[in-house]
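Trainee: Here it is, the structure, as structure tokens.
The values are calculated or read from the model by the stated rules, or taken from the named source; none is laboratory data. Predicted model, so just to flag it, every value in this text is computed and none were measured. For neighbour counting, all protein chains shown are included, and Cβ atoms are generated from backbone atoms with ideal geometry for every residue, glycine included.
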Amino acid sequence: MGITKKRLFETLCALGGKKKDSCVDFIKNDLLIKHVDSGVKYTVQKVDLADEPCVIAYRYYGPGMGKKIFIKIASDDFKKYEPV
């Protein structure tokens, strides 16, 4: 039983996102996910539902943690991450 795109948008907006075209932008930095195998935590920035659903997330790195690295997580890889 699948979830409708409208319902998914509503759920993501309830988590603090803001609907923008075919994406949901997250303006709060409290939606964290963790890569199951490595334990690395990422902040979700955007969920794109256009054609193939994906999540855009980032984490800080480097000296003083002033740099961001972004990742794009395809729907096939969602199972590799869990909420924090």
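Trainee: Please enumerate the residues belonging to the range 68-84 that are loosely packed, with under 11 Cβ neighbours inside 10 Å and within 14 Å of residue 43 (Cβ to Cβ).
Mentor: Scanning the range 68-84 gives a single hit, 83.
Trainee: Would you check which residues across the range 50-62 are of a type outside the set (Val, Ile, Thr) and either surrounded by 10 or more Cβ atoms within 10 Å (Cβ to Cβ) or under 18 Å from residue 40 (Cβ atoms) (or both) and list them?
Mentor: Restricting attention to the range 50-62, the residues satisfying the condition of being of a type outside the set (Val, Ile, Thr) are 50-54, 57-62.
Within the range 50-62, 53, 54, 57, 58, 59, 60, 61, 62 meet the criteria.
Trainee: Inside the range 38-84, counting only strands (runs of 3 or more DSSP E) that do not spill past its ends, which hold 2 or more residues that are closer than 18 Å to residue 5 by Cα, in contact with a Cys (Cβ under 7 Å, 6 or more places away or on another chain) and of a type in the set (Val, Ile, Thr)?
Mentor: On the way: elements: 41-48, 54-61, 67-74, 81-83.
In the range 38-84, there are no strands (runs of 3 or more DSSP E) which contain 2 or more residues that are closer than 18 Å to residue 5 by Cα, in contact with a Cys (Cβ under 7 Å, 6 or more places away or on another chain) and of a type in the set (Val, Ile, Thr).
Trainee: For the structure I just gave you, tell me whether residue 16 is modelled with pLDDT of 85 or more and on the phi > 0 side of the Ramachandran plot. It would help to see each step written out before you state the result.
Mentor: On the way: modelled with pLDDT of 85 or more: no; on the phi > 0 side of the Ramachandran plot: yes.
No, not satisfied.
Trainee: Filter the range 23-37 down to the residues that are at pLDDT below 85 and either part of a strand (DSSP E or B) or polar (S, T, N, Q) (or both) and list them by number.
Mentor: As a first pass, look at the range 23-37 and keep what is at pLDDT below 85: 23-31.
Across the range 23-37, the qualifying residues are 23, 24, 25, 26, 29.
Trainee: So which residues in the range 6-21 are in contact with a Phe, Trp or Tyr (Cβ under 9 Å, 6 or more places away or on another chain) and assigned to a loop (DSSP other than H, G, I, E, B)? Steps first, please.
Mentor: Within the range 6-21, the first condition is being in contact with a Phe, Trp or Tyr (Cβ under 9 Å, 6 or more places away or on another chain), and the residues that meet it are 12, 15-19.
Across the range 6-21, the qualifying residues are 15, 16.
Trainee: Of the residues 44, 36, only one is surrounded by fewer than 17 Cβ atoms within 10 Å (Cβ to Cβ) and touching a Phe, Trp or Tyr at 6+ places or on another chain (Cβ under 7 Å); which?
Mentor: 36
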